[in-house]
Amino acid sequence: MHFLVIKSRTIKFILAMTIVCVLLSIGINGTASAEVYFGYTTRKVPVYSVETEAKQVAISFDSAWGAEKTLGILDILKEYNVGATFFLVGFWVDKYPDKVQAIDSAGIEIGTHSNTHPDMAKLSKDKIKEELETSVEKIEKITSKKVKLFRPPYGSYNNDLINICESLNLLPIQWDVDTLDWKGLSGAEMTSRVMNKVKNGSIILMHNNSDDILNGLRMILDRLTINGYKITSVGDLVYSENYTIDRNGVQHLLKEK
């Protein structure tokens, strides 16, 4: 009987471990869970924030649907004399070329947000490359300036996407402070979220046509300025060379030996 108990426990243990192994083999955004769980992941990550001693943050706007408030955003940025980055989807560029020109003429940085706003981690390598190259070409045709930054729609990415970005000299950018403006939050609610999470090197996510974006942007810029933050484009915040990105997406400048 004692032997049977031990054997039963052994079988249960083996079954449990088998289930765990199966679960850990399931991918999370293109990377095996086992790699994430055991801490030996080789997964590449975009830039979520920047390690810096400077009290500097970047504001970014994703633009995919609607454009009525874009010029108002540009007016506020000019009023506060701050930089920002717009990440534009290709079909938005097609529909609003005048707004693309206005953003560029205002001296505001433009990055790509894909061509059709798909979940990039679910695409083939060829489709990923097509999405990036097509959107970049549309933007550069209007601005005559090189596009250097890319933000994945839905924040979804995998190693294939980042490798292709690298081959096209595009730096993939995420965020570490989300205003959740797209949920219809008030300007005060957005501001509270930003000020509770912001730190040196933060990248703030907003959307160009959210309900209370104009009021929210003004309030956020007020509070950031009062608290001594310099507000810039993403390109002016991130390092363009001699850097590393840790597993949390924090970009670090490599120190000279």
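Here the range 144-198 is the region considered, the condition is being within 15 Å of the chain's Cα centre (by Cα) and without any contact (Cβ under 8 Å) to a residue 24 or more places away in the chain, and the residue that is surrounded by the most Cβ atoms within 10 Å (Cβ to Cβ) is 155.
There is no residue in the range 115-131 that is closer than 30 Å to residue 79 by Cα, aliphatic (A, V, I, L, M) and surrounded by fewer than 22 Cβ atoms within 10 Å (Cβ to Cβ). Among (1) loosely packed, with under 14 Cβ neighbours inside 10 Å; (2) touching a residue at least 40 places away in the same chain (Cβ under 8 Å), which single condition is residue 234 missing? Only one criterion is unmet by residue 234, namely (1).
In the range 223-235, the count of residues that are under 25 Å from residue 119 (Cα atoms) and of a type outside the set (Gly, Ala, Ser) is one or more. On the basis of being under 30 Å from residue 224 (Cα atoms), modelled with pLDDT of 95 or more and not hydrophobic (A, V, I, L, M, F, W, C), does residue 81 make the cut? So residue 81 passes the test.
Can you find a residue in the range 203-217 that is of a type in the set (D, E, K, R), more than 17 Å from residue 49 (Cα to Cα), in the same structural domain as residue 60 (by TED's automatic domain parsing) and touching a Phe, Trp or Tyr at 6+ places or on another chain (Cβ under 9 Å)? Full working, then the answer.
Just the residues of the range 203-217 that are of a type in the set (D, E, K, R), to begin with: 211-212.
The next check asks that each one be more than 17 Å from residue 49 (Cα to Cα); those that pass are 211-212.
Among the residues that remain, those that are also in the same structural domain as residue 60 (by TED's automatic domain parsing) are: 211-212.
Next, from what is left, pick out any that are touching a Phe, Trp or Tyr at 6+ places or on another chain (Cβ under 9 Å): 211.
Yes, that holds for at least one residue.
Would you call residue 204 surrounded by 18 or more Cβ atoms within 10 Å (Cβ to Cβ) and in a helix (DSSP H, G or I)? Steps first, please.
Values: surrounded by 18 or more Cβ atoms within 10 Å (Cβ to Cβ): yes; in a helix (DSSP H, G or I): no.
Answer is no for this residue.
Looking only at the range 211-231, filter to residues that are surrounded by 12 or more Cβ atoms within 10 Å (Cβ to Cβ) and in contact with a Lys or Arg (Cβ under 8 Å, 6 or more places away or on another chain); which one of those is farthest from residue 74 (Cα to Cα)?
The first filter runs over the range 211-231 and keeps only residues surrounded by 12 or more Cβ atoms within 10 Å (Cβ to Cβ), leaving 211-225, 229-231.
So of that shortlist, the ones also in contact with a Lys or Arg (Cβ under 8 Å, 6 or more places away or on another chain) come out as 213-214, 229-230.
On the way: 213: 12, 214: 10, 229: 19, 230: 17 Å.
So the residue we want is 229.
Assess whether residue 256 counts as being in contact with an Asp or Glu (Cβ under 9 Å, 6 or more places away or on another chain), free of Cβ contacts under 8 Å to residues at least 60 places away in the same chain and at negative phi. Give the steps one after another, and end with the answer.
Values: in contact with an Asp or Glu (Cβ under 9 Å, 6 or more places away or on another chain): no; free of Cβ contacts under 8 Å to residues at least 60 places away in the same chain: yes; at negative phi: yes.
Against the criterion (in contact with an Asp or Glu (Cβ under 9 Å, 6 or more places away or on another chain), free of Cβ contacts under 8 Å to residues at least 60 places away in the same chain and at negative phi), residue 256 does not qualify.
The values are calculated or read from the model by the stated rules, or taken from the named source; none is laboratory data. Predicted model only: the values in this text are computed from it and were never measured. No Cβ is skipped: glycine too gets one built from the backbone with ideal geometry, and neighbour counts run over all protein chains shown.
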